[in-house]
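Chemist: Here it is, the structure, as structure tokens.
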Amino acid sequence: MSELREPSLPRTARVRTGPLRTGWTTGTCSAAAAKAAALALRDQVVVEHVDIALPSGQRVSFAVESCSWTPEEATAVVVKDAGDDPDVTHGAHLTVTVSWADELVLESGVGVGTVTRPGLGLLVGGPAINEVPRAMIGQAVREVVDRGLRVLDSVPDGEQRARKTTNARLGILGGISILG
């Protein structure tokens, strides 16, 4: 009987010699974009970098891909880096638009899914933004403004990306979930 061996890798395969590169969640990137947009609205400036707190308390810095503002609202984009994880949201443009409001209101825009079934711990009919990212977004914007904001979270190609996930089977339609 022949000896079992591992198959040979193709010549074009790269062998990793170091540890895997870690990445960021959609929730972390949304929180960073929300803080950048809140800063832009408050100061009426273009924000290029922003730092936020992770749930662990560690602070991390993000480059802001684009940022624009008017006296009424501001928009910031942070591009998701999934590290070496084969994540369908890698490279997604987490886009947050903020405007002044009476209280903090979190809404889903284009490409962020809507919850259509009970059982996910989220309000049916509400945005598919889990509790940890909700808290992170709230903390991030409260670090820079002390009044209410309407926070509109979008992912321009989120609906197409969601087709490669199990979101529809879970009852999340119209886009990706904002997780972790």
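Every read-out reported here was derived from the displayed coordinates using simple, explicitly stated rules and does not represent laboratory data. On a predicted model such as this, the values are computed, not experimentally measured, just so you know. Virtual Cβ from ideal backbone geometry, glycine too; neighbours counted across all protein chains shown.
Chemist: Restrict the check to region 111-119 and report whether at least one residue is buried (at least 23 other Cβ atoms within 10 Å of the Cβ) and assigned to a helix (DSSP H, G or I).
Modeler: Among the residues of region 111-119, not one is buried (at least 23 other Cβ atoms within 10 Å of the Cβ) and assigned to a helix (DSSP H, G or I), which makes the answer no.
Chemist: Restricting to region 162-180, give me the number of residues that are assigned to a strand (DSSP E or B) and buried (at least 21 other Cβ atoms within 10 Å of the Cβ).
Modeler: The initial filter retains those residues of region 162-180 that are assigned to a strand (DSSP E or B), namely 172-173, 175-176, 178.
Next, from what is left, pick out any that are buried (at least 21 other Cβ atoms within 10 Å of the Cβ): 172, 175-176, 178.
Residues meeting the conditions: 4.
Chemist: Within region 151-161, does at least one residue satisfy the condition of being basic (Lys, Arg), surrounded by fewer than 18 Cβ atoms within 10 Å (Cβ to Cβ) and either outside any loop (DSSP other than H, G, I, E, B) or in contact with a Gly (Cβ under 7 Å, 6 or more places away or on another chain) (or both)? Quick ask: steps written out before the conclusion?
Modeler: Narrowing region 151-161 to residues basic (Lys, Arg): 161.
From what is left, the residues that are surrounded by fewer than 18 Cβ atoms within 10 Å (Cβ to Cβ) are none.
Within region 151-161 (the criterion being basic (Lys, Arg), surrounded by fewer than 18 Cβ atoms within 10 Å (Cβ to Cβ) and either outside any loop (DSSP other than H, G, I, E, B) or in contact with a Gly (Cβ under 7 Å, 6 or more places away or on another chain) (or both)), the answer is no, since none of the residues qualifies.
Chemist: Answer with yes or no whether PRO133 is crowded, with 16+ Cβ neighbours inside 10 Å and not charged (D, E, K, R). Step through it out loud before you land on a result.
Modeler: On the way: crowded, with 16+ Cβ neighbours inside 10 Å: yes; not charged (D, E, K, R): yes.
The answer is yes for PRO133.
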